Amino acid sequence: VSRALRWTAVVATGSAVAWLLFRALSADRFMPPAASAEAAVVDQAFDEMLRITIPIYAAVIAALLVAVTSFRARRRDAGDPAGTNGGGSGAVLQAVWVLASVILTLRLAAYGIREYRLLDQDGAAELDVQVHASQWSWEFYYPAERKYGSALFLPLGRRVRLLMTSADVVHSFWVPAFRLKMDVLPGRVTKLLVTPTRAGDYLLQCAELCGQDHTIMTARVSVLPPDKFAAALAEEF
Ligand SMILES: [Cu+2]
């Protein structure tokens, strides 16, 4: 096989793999539209990770396919039946590869740190809501208004702090549209800060296997403009 043909095969295979993965993994394909300030940061990090990792993965797959089909032990290599007598340029390649991996890993870690700070539990909030989880339902309490509810009402554009605890086993508060997930534990209060950016109804789903009815341990999250939020609290409970 000619060298030009081989490189064409590498580029074509790599491009096909990259295209397929980008299509399959783009964030909006398996997540609902982003509805919080936090979600934008998470999606951005996810997209950036795809942009870094997919081309590398595609290049490795393409090179692997070419290597498997092209570099085989030949008759004249009889003294080296395994065909392992390679050239001497490996050291430079390895050094470059290790250095590049370290830089890329640090870059990905920076995103993780940024998201961790985003969930900073000491951040100031404009509203506190208590979240009570139990097998197999959610209950919400608004201490300022002294109101209970089975749906979570949140004011649009306000930074809310959720103070969460469980009456029995470990549950997990997960609102895919907010891209936020936090364990809810018995005997401990976990906190989550969220700033809703889009009015509408969203799904809260328990994300920790917690018994027989775990899959239907859901609740409605309703993001409302501030005036409607006040009205809903007055009415609903
Ligand atoms: Cu649960």
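Sort 182, 49, 217 by accessible area with a 1.4 Å probe, largest first.
Values: 182 35, 49 70, 217 0 Å².
Largest accessible area first, the list is 49, 182, 217.
Once both axes come from the Cα atoms, what is the angle between helix 37-70 and the longest principal axis of the chain, in degrees from 0 to 90, rounded to 10?
Compared with the principal axis, the helix lies near 20 degrees.
Using a simple charge model, +1 on the beta-carbon of Lys and Arg, -1 on the beta-carbon of Asp and Glu, nothing else, what dipole does the range 113-170 show about its Cα centre, in debye to the nearest 20?
Computed about the Cα centre, the dipole is about 180 debye.
Place a point 7 Å from Cα of residue 22 in the direction of its Cβ. Which residues in the range 39-58 have their backbone N less than 11 Å from it?
Residues passing the 11 Å test: 51-52, 54-55.
Quick one: if you stick a label point 7 Å off each Cα along the C-beta vector at residue 128 and residue 91, how many nm between them?
Going by the 7 Å Cα→Cβ label model, 6.4 nm.
Roughly how tilted is helix 226-236, in degrees to the nearest 10 and between 0 and 90, from the longest Cα axis of the chain?
Value to nearest ten degrees: 60.
Using helices alone, what [θ] at 222 nm do you get for the chain, with -39,500 (n - 2.57) per DSSP H run of 4 or more residues, divided over all residues and rounded to the nearest 500?
Mean residue ellipticity, 222 nm, calculated: -14500 deg cm²/dmol.
Cα-based Rg of the chain per 2.2 N^0.38 Å, rounded to two decimals?
1.47
By how many nm would the segment from residue 71 to residue 151 grow when fully extended, if each residue of separation counts as 0.36 nm and the alpha-carbon distance is taken off? Display every interim value, and only then the final one.
Working: separation 80, 0.36 × 80 = 28.80 nm, distance 6.25 nm.
So the extension gain works out to 22.5 nm.
Select from 8, 171, 219 the residue farthest towards the positive end of the dipole of the chain; place +1 on Cβ of Lys and Arg, -1 on Cβ of Asp and Glu, and compute about the Cα centre.
Comparing the listed Cα positions along the dipole, 8 ranks first.
Provide 197, 190 ordered by accessible surface of protein heavy atoms (probe 1.4 Å), highest first. Write down the numbers at each step before the final one.
Details: 197 80, 190 20 Å².
Largest to smallest exposure gives the sequence 197, 190.
Using alpha carbons only, what's the Rg to Rh ratio of the range 107-196 with Rh from Kirkwood?
Values: Rg = 13.6 Å, Rh = 13.8 Å.
Here the Rg-to-Rh quotient is 0.98.
Might you tell me the accessible area per residue for the range 171-236, computed with a 1.4 Å probe and given in Å²?
Spelled out: the 1.4 Å probe surface of the range 171-236, per residue, equals 47 Å².
Of the accessible area of the chain, with the probe set at 1.4 angstrom, what percent is carbon plus sulfur?
C and S fraction of accessible area: 60 percent.
Determine the per residue accessible area of the range 105-168 with all protein chains present and a 1.4 angstrom probe, expressed in square angstrom.
57 Å²
Using amide H atoms built in the peptide plane, which far-off residues or other-chain residues are under 5 Å from residue 34 H to H?
Amide H neighbours of residue 34, under 5 Å, 5+ apart: none.
Can you figure out the FRET efficiency of residue 37 with residue 15, using R₀ = 41 Å and their beta-carbon distance, to the nearest 0.05?
About 0.70, to the nearest 0.05.
With only alpha-carbon atoms in the gyration tensor, what are the semi-axes of the equivalent ellipsoid for the range 164-225, in Å, largest first?
So the equivalent ellipsoid measures 22, 14, 9 Å along its semi-axes.
Under 5 Å between amide hydrogens, which residues at least 5 positions from residue 210 or on another chain qualify, with H placed 1.01 Å from N in the peptide plane?
none
Given charges of +1 on the Cβ of Lys and Arg and -1 on the Cβ of Asp and Glu, with all other atoms neutral, how large is the dipole of the chain about its Cα centre, in debye to the nearest 20?
Result for the chain is approximately 1320 debye, rounded to the nearest 20.
What's the FRET efficiency of residue 8 with residue 44 using the Cβ-Cβ distance as r and R₀ = 41 Å, to the nearest 0.05?
Efficiency for this residue pair is about 0.75.
Given R₀ = 41 Å, what would the calculated FRET efficiency be for residue 144 paired with residue 59, taking r from the Cβ atoms and rounding to 0.05?
Working: r = 55 Å, r/R0 = 1.35.
It comes out at approximately 0.15.
If you line up the long axis of helix 3-25 against the longest principal axis of the chain, both from Cα atoms, how many degrees apart are they, to the nearest 10?
10 degrees
The values are calculated or read from the model by the stated rules, or taken from the named source; none is laboratory data. Given the structure is predicted, the values throughout are model-derived calculations rather than measurements. Neighbour counts are summed over all protein chains in view; Cβ atoms, including those assigned to glycine, are modelled from backbone coordinates with ideal geometry. Only protein heavy atoms, including side chains, enter the accessible area calculation; ligands, DNA and RNA are left aside. Shrake-Rupley method; radii C 1.70, N 1.55, O 1.52, S 1.80 Å.
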